1. Where residues in region 255-305 are part of a helix (DSSP H, G or I), more than 25 Å from Asn237 (Cβ to Cβ) and of a type outside the set (D, E, K, R), which of them is farthest from the chain's Cα centre (by Cα)?
2. Quick test for you: out of Ser187, Ser214, Ser156, pick the one residue that is touching a helix residue (DSSP H, G or I) at 6+ places or on another chain (Cβ under 9 Å), assigned to a loop (DSSP other than H, G, I, E, B), under 23 Å from Ala314 (Cα atoms) and open to solvent by less than 30 Å² (accessible area, probe 1.4 Å).
3. Restricting to region 133-144, name every residue that is open to solvent by less than 20 Å² (accessible area, probe 1.4 Å) and either touching a residue at least 60 places away in the same chain (Cβ under 8 Å) or farther than 28 Å from Met313 by Cβ (or both).
4. Please verify whether Cys271 is touching a Ser or Thr at 6+ places or on another chain (Cβ under 6 Å) and not aromatic (Phe, Trp, Tyr), treating the condition exactly as stated.
5. Every residue in region 190-208 that is open to solvent by less than 60 Å² (accessible area, probe 1.4 Å) and at pLDDT below 95, please.
6. I'd like the residue in region 92-109 that is without any contact (Cβ under 8 Å) to a residue 24 or more places away in the chain and aliphatic (A, V, I, L, M) and, out of all such residues, is farthest from Trp28 (Cα to Cα).
7. Residues that are assigned to a helix (DSSP H, G or I) and either of a type in the set (D, E, K, R) or buried (at least 21 other Cβ atoms within 10 Å of the Cβ) (or both): does region 104-120 have at least one?
8. Taking Ala98 as meeting all but one of (1) within 15 Å of the ligand (Cβ to nearest atom); (2) assigned to a helix (DSSP H, G or I); (3) under 26 Å from Lys2 (Cα atoms); (4) not polar (S, T, N, Q), write down the number of the exception.
Amino acid sequence: MKQYNVGIIGATGMVGQRFATLLENHPWFNVKLLAASPRSKGKTYEEAAGSRWAMTTPMPESMKNMVLYDATADINEIASQVDFVFCAVDMKKDEIKALEEAYAKAECPVVSNNSAHRFTDDVPMVVPEINPDHIEIIKSQRERLGTKKGFIAVKSNCSIQSYVPALHPLRKFGIKNVLACTYQAISGAGKTFETWPEMVDNLIPYIGGEEEKSEQEPLKVWGTIENGKIVKAQTPNITTQCLRVPVSNGHTAAVFVTFENKPTKEEILQCWKEFAGVPQELELPHAPKQFLNYFEENDRPQAKLDRDMEGGMAVSIGRLREDTQYDYKFVCLSHNTLRGAAGGAVLLAELLAAKGYFD
Ligand code: NAP
């Protein structure tokens, strides 16, 4: 496989640190440069991020002495040195939109963790096992941007990455209504228990904007490409409640679902067991071998025990049973900063690389 030079925009942040760790020994992607805010410009990575390093593995040796660029002021210099960038920055939505378009227009593709472009209708929002074909919209996006190589591709919000994968193989039974309550880890807010001590022994029943994203994003992921736009799916009806819980990593969802044609429990388990997507077929480096993993034990999945399954890229499911108001209910879990953030973006970049979008 060809090698690609990459940059990490927002390298000092929680997701940026994950990118750095995941890319340290990547077989295809070589981290060439790091960028963050003007506050970090000119500092080494160790100086800028060492004191807030939140990963369990140390900062990669090869990156410690890299001198940080300013993500906005140095766009052209960055674009001239890399084949594409990963982007995860904490800025205002319109600033992120402009920043990502500026990279794309400088012919530097952007694989983004940010939500700013998720509903731009020619920007693919991809969970690689579910809607890999949406990357074909990039042709239309390049026409709009007037670029040959540059484009923006995004991953979806972390909250939907546990229950949408579990529901996806069941769509053939006609999913009508979904109720999902999510129990979301503090790393999803870029925090640890050290930086957010108020979360110890606590629960906050509100995460700004999360319920809207959790209800709307699945419909774009399940949408279709029509006349150069991604048109959202009309069904299922989804309602959610999103809670912040005292867990370091791992978003859990309690899901209730009703079907047009109610499957048996065995049929659902069979669908989960057999489901594999394009990342598995192509054997992409970060593709889990078994994407959906069902536990028979009543007390699983548990965030602490199961979030790291297959490098944090697999989804775990448990407690499938019939319900008195919906057809079925179950619980599922995914690692929010791996599958739900940096890992999901790396897998998307691997899909794009394998399909030639960075050449
Ligand atoms: P974070 O830990 O607060 O890090 C923010 C990053 O943005 C830092 O590198 C910071 O650089 C940089 N930044 C801030 N202002 C900037 C500016 N004006 N120009 C350039 N860079 C700037 O945030 P995070 O949790 O990593 O989240 C980053 C993005 O990913 C957000 O859009 C978030 O919604 C999204 N996301 C996060 C998660 C998650 O699980 N945490 C999941 C999915 C998506 P300095 O260090 O120089 O300030």
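The values are calculated or read from the model by the stated rules, or taken from the named source; none is laboratory data. All of these numbers come straight from a predicted model, not from anything done at the bench. Note that we place each Cβ from the backbone using ideal geometry, even for glycine, and neighbour counts take in every protein chain shown. For the accessible areas, the whole protein counts, side chains as well, though only heavy atoms, and no ligand, DNA or RNA atoms are used. Shrake-Rupley method; radii C 1.70, N 1.55, O 1.52, S 1.80 Å.
1. Of the residues in region 255-305, the ones part of a helix (DSSP H, G or I) are 265-274, 278-281, 303-305.
When the remaining residues are screened for being more than 25 Å from Asn237 (Cβ to Cβ), the result is 266, 270, 273-274, 278-281, 303-305.
Cutting the leftovers down to of a type outside the set (D, E, K, R) gives us 270, 278-280, 303, 305.
On the way: Gln270: 26, Val278: 17, Pro279: 15, Gln280: 17, Ala303: 18, Leu305: 21 Å.
Looking at the filtered set, the residue picked out is Gln270.
2. Numbers: Ser187 fails: assigned to a loop (DSSP other than H, G, I, E, B); Ser214 fails: assigned to a loop (DSSP other than H, G, I, E, B).
Just a single option satisfies the conditions, and that option is Ser156.
3. Pass one, region 133-144, residues open to solvent by less than 20 Å² (accessible area, probe 1.4 Å): 134-135, 137-138, 141.
Across region 133-144, the qualifying residues are His134, Ile135, Ile137, Ile138.
4. Values: touching a Ser or Thr at 6+ places or on another chain (Cβ under 6 Å): no; not aromatic (Phe, Trp, Tyr): yes.
It is false that Cys271 is touching a Ser or Thr at 6+ places or on another chain (Cβ under 6 Å) and not aromatic (Phe, Trp, Tyr).
5. Gly190, Thr192
6. Of all residues in region 92-109, those without any contact (Cβ under 8 Å) to a residue 24 or more places away in the chain come to 92-98.
Then drop every residue that is not aliphatic (A, V, I, L, M), which leaves 96, 98.
Working: Ile96: 27, Ala98: 28 Å.
Only one residue tops the list, namely Ala98.
7. Initial filter on region 104-120 (assigned to a helix (DSSP H, G or I)): 104-105.
With either of a type in the set (D, E, K, R) or buried (at least 21 other Cβ atoms within 10 Å of the Cβ) (or both) added as a condition, the list becomes 104-105.
There is at least one residue in region 104-120 that is assigned to a helix (DSSP H, G or I) and either of a type in the set (D, E, K, R) or buried (at least 21 other Cβ atoms within 10 Å of the Cβ) (or both).
8. Among (1) within 15 Å of the ligand (Cβ to nearest atom); (2) assigned to a helix (DSSP H, G or I); (3) under 26 Å from Lys2 (Cα atoms); (4) not polar (S, T, N, Q), the lone unmet condition for Ala98 is (3).
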